[in-house]
């Protein structure tokens, strides 16, 4: 047999348009590689160089992604990856998250004596993993991207090498994460066995075309894949790893995880649901009562996340449980999406606003965390409004936003999300969601009580807020209020972005 | 001037926020003066409404609209009618008084205090002018934030408990209302094909209304819960005594003067016209609850040892009249209810202010600690007497007009309830006058009371406008009623159940 019959020659060439579509990924990858080269030499002022390089990398990635957002949809590498408005929108988000994480990490690493170049390199690689994850159309690519993202984050979680809690968190995350990856991989294998394809769209087509119903292997396989993702987004009952990991990880990395990892997993989940026709008549996953099960998962996630958060006195743990609760709201959005003409746009908007406010909140926790993250108990915030009025104000904005109180971005996003759910006739689910969010108000208020209504404790001067972190906080506060007051642009953008998924 | 007149409501709504923000960057020493003159200027500005509002027209006036979130049909839509006109004026009238009364009461963290207090006014005016449910909800909730801090930071001993309770109660009610708003808006989209959250559009949505748990019934309950909590109506009133007692004087005044009116206003603007059939069905329930609130509030007030708590429970009783007046569903009752809201917004703040003044002198509010105050503080006693009489609805004061109209109106609808409700007038006289007697008359039992000083000039200045309003509204009610009546008639017209034949509303 001739070689040209086995290998399609077009696979070996790459057109100019494809290169253009790949620019964001290449920029991120290139930045990370240059970082590795820099890391090999012991240069003076290496930390400035590394931080600068990483930020420039994120900016370039973001710049190319914004340009590519307007480009037509292109399927790359014979259907393994796709470049569309949706993937590039999330590329911008990941570049943004990575950049802000670097900004808020800079002084933190100084204070903890952790200024190693690996930190930046791992962060960039993890962002690259997220970018690839949301553009994957093939289960193998998806798995590789997931691993690029996760492996980098495992290491980052354990980055405070001398700290036992950090090591424990990293270990726990690694073992459980590896198990989840294995489940995902096993599910992929079963799907391949059932349909003979690894392409998401093809799998769905073949599953619905079979004359003798949907095979059992297919059902099991799709559930195993779903479990892999439910683990990553920490929905109940796959949430138990999260509080420990969040608590042990260096604070900026916790912020990176709650926003980046979660957004990437959800964005991919949406793509999978969309291409498998979730909720529609021809749904490949239909017949597995996926809707009912997700309904139960959504309620449990919201309820358990919020109720356990009530009892937390450690801020990072509290935010971890609140993050679980927010996962629940997002699942409500996923359920509603196929039944309304708003589609997945509310979920996308919610992911963006959640990322903004959470990055801001964790940037503040990073400022306040003290040596080895020991000053993050609720009582440590006592009287903060008198010591650092602006920081207290910013944190109040973020907590009001997470509680969904106008005029903040959190309210606009929650309104949009729950409105779509009512439109989809999930009225009881929405009633439960708002009652859960009423529970959440209590623990968010507890933080405000500490900051504003208690007297300051301790007289030690925490010193100036580092300008790097102040930048992040100012930017996220401005965005939280801007999206809260004038959400129109973001609403339109999220709609347009989701439109590109359909074509 | 043209631009100014067409955007008058927007200017009026956001002027306080601007003043608060400028105040935040001014030096600490001048902030209270800045806030006082700022709110006074806003009051002067708001008086212009009387000139440009056309009292003959029942429709919303001075409307402005702009696209806000196009994708969801959400508009920035504001406008007023004869009901919100007076509530806005009440708000702007009370603000300078509240600010002036805080001059001596608040000494720590002044900057935050005045910023929050003045910014709160934007939320209150905004809620009264909003004609879009999303906009209304935004103001309604945003109002909670400054109030929460006012109670929680500058309140009494159990301030954190009271502030949290206040916030959570309101939040739970409003969230269920939010779900109802979602449902209404999505029904509008189903029936009319485009998104909108403007109440003028939502009024047109047709929903099945037969039975207590029909679509209208359930949605009505969701709205009514939010507003009943704010009113506060028995049995969801329990946050009020805590919030009132713990709040600083200014907080109590705003709470009693304006925030409770939001509940009544919400019924008028939203719950009634949106769900007319449900209102007709639930009429007896709310008449009953309103009557219970009147009698129960009065009884509980009678046994309170703390003056402030007594006045707080009297609020429960007085706001019960508003509820039965509204649910009487006739013009006299509804007019009386609106008038009673204004009266309560004048008399109760006056009482709270005076309780605050005496608290500043004696640091107690226990009735037992007083007695014979008339002898040492004669001017104070006169003012206190006037406010007390207004509160017990003596003819000639404003309270009489409102309660009389309400009972007249509810008699037409439900004479039995009205008889019970009318006993509230008697009990009201009992607890108020008994309290007055114990505090003001008799010998001076405590030696600390002998040294009490009478009102200062500033304090008299705080109270004088309220005293004038009490008599003005009592003697010349027609000034107010004529501007109100066309709008009240329109409100009742909107709230009358429309019989629709062949209704086919999508069901799941």
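For segment A:453-464, the condition of being within 10 Å of another protein chain (Cβ to nearest Cβ), free of Cβ contacts under 8 Å to residues at least 40 places away in the same chain and buried (at least 17 other Cβ atoms within 10 Å of the Cβ) holds for at least one residue. Has segment A:344-356 got at least one residue that is modelled with pLDDT under 90 and in a loop (DSSP other than H, G, I, E, B)? Among the residues of segment A:344-356, at least one is modelled with pLDDT under 90 and in a loop (DSSP other than H, G, I, E, B), which makes the answer yes.
Pull up segment A:373-405, narrow it to residues that are more than 14 Å from residue A:450 (Cβ to Cβ) and at pLDDT below 85, then point me to the one that is nearest to the other protein chains (Cβ to nearest Cβ). It comes out as A:389.
This table checks each residue for (1) under 29 Å from residue B:282 (Cβ atoms); (2) free of Cβ contacts under 8 Å to residues at least 24 places away in the same chain; (3) more than 10 Å from chain A (Cβ to nearest Cβ); (4) buried (at least 23 other Cβ atoms within 10 Å of the Cβ).
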residue: B:150; (1), (2), (3), (4): no, no, yes, yes
residue: B:157; (1), (2), (3), (4): no, no, yes, no
residue: B:160; (1), (2), (3), (4): no, yes, no, no
residue: B:166; (1), (2), (3), (4): yes, no, yes, yes
residue: B:190; (1), (2), (3), (4): yes, no, no, no
residue: B:208; (1), (2), (3), (4): yes, no, yes, no
residue: B:216; (1), (2), (3), (4): yes, no, yes, yes
residue: B:219; (1), (2), (3), (4): yes, no, yes, yes
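Could you tell me whether any residue of segment A:434-441 is under 23 Å from residue B:144 (Cβ atoms), in contact (Cβ under 8 Å) with a residue 40 or more places away in the chain and away from chain B (no Cβ under 14 Å)? No; the residues of segment A:434-441 include none that is under 23 Å from residue B:144 (Cβ atoms), in contact (Cβ under 8 Å) with a residue 40 or more places away in the chain and away from chain B (no Cβ under 14 Å).
Scan segment B:47-78 residue by residue and report those that are under 30 Å from residue A:346 (Cα atoms) and away from chain A (no Cβ under 14 Å).
Taking segment B:47-78 and keeping what is under 30 Å from residue A:346 (Cα atoms), we get B:64-78.
Correct list: B:64, B:65, B:77, B:78.
Mind checking whether some residue in segment B:267-290 is without any contact (Cβ under 8 Å) to a residue 60 or more places away in the chain and within 14 Å of the chain's Cα centre (by Cα)? Within segment B:267-290, one or more residues are without any contact (Cβ under 8 Å) to a residue 60 or more places away in the chain and within 14 Å of the chain's Cα centre (by Cα). Among all positions in segment B:120-129, there is at least one residue which is under 30 Å from residue B:8 (Cα atoms), touching a strand residue (DSSP E or B) at 6+ places or on another chain (Cβ under 7 Å) and in contact (Cβ under 8 Å) with a residue 24 or more places away in the chain. Filtering segment A:406-416 to residues that are more than 7 Å from every other protein chain (Cβ to nearest Cβ) and part of a loop (DSSP other than H, G, I, E, B) leaves only A:408.
Total residues in segment A:122-144 satisfying the condition of being more than 30 Å from residue A:502 (Cβ to Cβ) and surrounded by fewer than 23 Cβ atoms within 10 Å (Cβ to Cβ): the figure is 1.
So which residues in segment B:449-458 are touching a residue at least 12 places away in the same chain (Cβ under 8 Å) and closer than 17 Å to residue B:40 by Cβ, if there are any at all? If the condition is that a residue be touching a residue at least 12 places away in the same chain (Cβ under 8 Å) and closer than 17 Å to residue B:40 by Cβ, then B:458 is the only one that fits. Screening B:100, B:87 for residues that are more than 11 Å from every other protein chain (Cβ to nearest Cβ), modelled with pLDDT of 90 or more and part of a helix (DSSP H, G or I) leaves exactly one candidate, B:87.
Just one of the listed residues (B:118, B:129, B:106) is more than 14 Å from chain A (Cβ to nearest Cβ), in contact with a helix residue (DSSP H, G or I) (Cβ under 7 Å, 6 or more places away or on another chain), surrounded by 24 or more Cβ atoms within 10 Å (Cβ to Cβ) and closer than 30 Å to residue B:358 by Cα, and it is B:118.
The values are calculated or read from the model by the stated rules, or taken from the named source; none is laboratory data. Note that the structure is a prediction, hence the values are computed from the model and not measured. Backbone-built Cβ (ideal geometry, glycine too); neighbour counts: all protein chains shown.
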